[in-house]
Amino acid sequence: MTKRSKESVFKKSSIPKSETPLERTTRVAREMVNKEAEQRLDKISRLRRTRLEREANQAAQVKDGNKGK
């Protein structure tokens, strides 16, 4: 029988640990939540950009309308 040293006993294994069902569920759920959050932020920024463009166009029309009077 070979004698084990501290280094060999406490050394991290190079063999990857398999994912448990709970860890898999957690990972998938987090991926879904992160994807939805990213989509939500994209939608918010798109809507904000559209609103700002519309407000700028309305302000320009009001300004042009006042010059004609």
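A few points about this structure:
- Residue count for segment 1-30, restricted to those that are of a type in the set (Asp, Glu), modelled with pLDDT of 75 or more and either over 36 Å from the mean Cα position of the chain (by Cα) or assigned to a loop (DSSP other than H, G, I, E, B) (or both): 1
- Pairs with Cβ under 7 Å, 6+ apart, first in segment 39-54 and in contact (Cβ under 8 Å) with a residue 60 or more places away in the chain, second surrounded by fewer than 10 Cβ atoms within 10 Å (Cβ to Cβ) and outside any helix (DSSP H, G or I): none
The values are calculated or read from the model by the stated rules, or taken from the named source; none is laboratory data. It should be emphasised that the depicted structure is a prediction, and the values quoted were computed from it without experimental measurement. Ideal geometry is used to build each Cβ from the backbone, glycine not excepted, and the neighbour counts take in all protein chains shown.
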